[in-house]
1. How many percent of the accessible area of the range 1-126 is carbon or sulfur, using a 1.4 Å probe?
2. Placing +1 at every Lys and Arg Cβ and -1 at every Asp and Glu Cβ, with all other atoms neutral, what dipole size does the chain have around its Cα centre, in debye to the nearest 20?
3. Counting only C-alpha contacts under 8 Å and six or more residues apart, can you give the relative contact order of the range 1-87 as a whole percent?
4. Note down the Stokes-Einstein diffusion coefficient of the chain in µm²/s, whole number, using a Kirkwood radius over alpha carbon pairs, 4 °C, and 1.567 mPa s.
5. Do any trypsin sites (Lys or Arg not before Pro) in the range 31-124 lie in a loop, going by DSSP, with at most 16 other beta-carbon atoms within 10 Å of their beta carbon, and if so which?
6. Tell me, what HN-Hα J-couplings in whole Hz come from the Karplus equation 6.51 cos²θ - 1.76 cosθ + 1.60 at θ = phi - 60° for each residue of the range 92-99, using x for Gly and Pro?
7. For Lys125, which aspartates and glutamates qualify as cross-link partners when the Cα separation must be under 14 Å and same-chain residues fewer than eight apart are set aside?
8. State in Å² the accessible area per residue of the chain; use a 1.4 Å probe, count heavy atoms of protein chains only, and round to the nearest integer.
Amino acid sequence: YLVREISLKHCVMDVLARNKQFLIQNGVRVDTETLSAKDSVYSDDKWIEFVINQTILNSIKYKKDNTPVIVVSSADHGDYASLSISDNGMGIRRSEIGRIFDKGFVGSNGRAGNHATGIGLYLCKQLCIKLGIDIEVESEFGQYTTVRLRFPKSNHLGE
């Protein structure tokens, strides 16, 4: 890990640029209006971009047939900064939400033909633990999913 001060907006924009074609092919609109250029954190940009990328790919993979939208926002909360990625996709069943970070867990959406492996969110959780970042998921089945990362305002991991 190479922990240094990084811009959350820069990380998000890099991931969106890498996935531009996939987003266009799937008709996904991305809203970054509430993503602040001022929100910087101490972390490893390569691994944060991995987590953001996995989240964006899941938002695309589990989109509904409506007009798919991903909203990315950040905020400074004083002692921590947050990055939220929300979509208006399939959502996650309440009975499954507690297991989504388990290694190999494939929920009902993944079993419905989306070629899920149950490894992506597991790796995201493990990376967040190593980097001292809280990751949480909020979802309403059939409505939305929000992945929220909380970055401590410190350059000392594990405090």
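1. Values: 3420 of 6750 Å².
Taking all protein chains in place, the range 1-126 shows 51 percent carbon and sulfur surface.
2. On the way: 20 positive and 19 negative charges, 107 e Å.
It comes to approximately 520 debye.
3. Numbers: 121 pairs, mean separation 31.6, N = 87.
Relative contact order of the range 1-87: 36 percent.
4. Working: Rh = 15.9 Å.
Taking Rh from Cα pairs, D becomes 82 µm²/s.
5. Values: sites: Lys38, Lys46, Lys61, Lys63, Lys64, Arg93, Arg94, Arg99, Lys103, Arg111; in loops: Lys38, Lys63, Lys64, Arg93, Arg94, Lys103.
Loop-located and lightly packed - Lys38, Lys64, Arg93, Arg94, Lys103.
6. Rounded to whole hertz, the list is 10, 4, 4, 5, 9, 4, x, 10.
7. Glu49, Asp102, Asp134, Glu136
8. Numbers: 8610 Å² over 159 residues.
Using a 1.4 Å probe on heavy atoms only, each residue of the chain averages 54 Å².
The values are calculated or read from the model by the stated rules, or taken from the named source; none is laboratory data. Everything numeric in this text was worked out from a predicted model, so none of it was measured. No Cβ is skipped: glycine too gets one built from the backbone with ideal geometry, and neighbour counts run over all protein chains shown. Remember, those area values only see protein heavy atoms, side chains included, never the ligands or the DNA or RNA. Shrake-Rupley method; radii C 1.70, N 1.55, O 1.52, S 1.80 Å.
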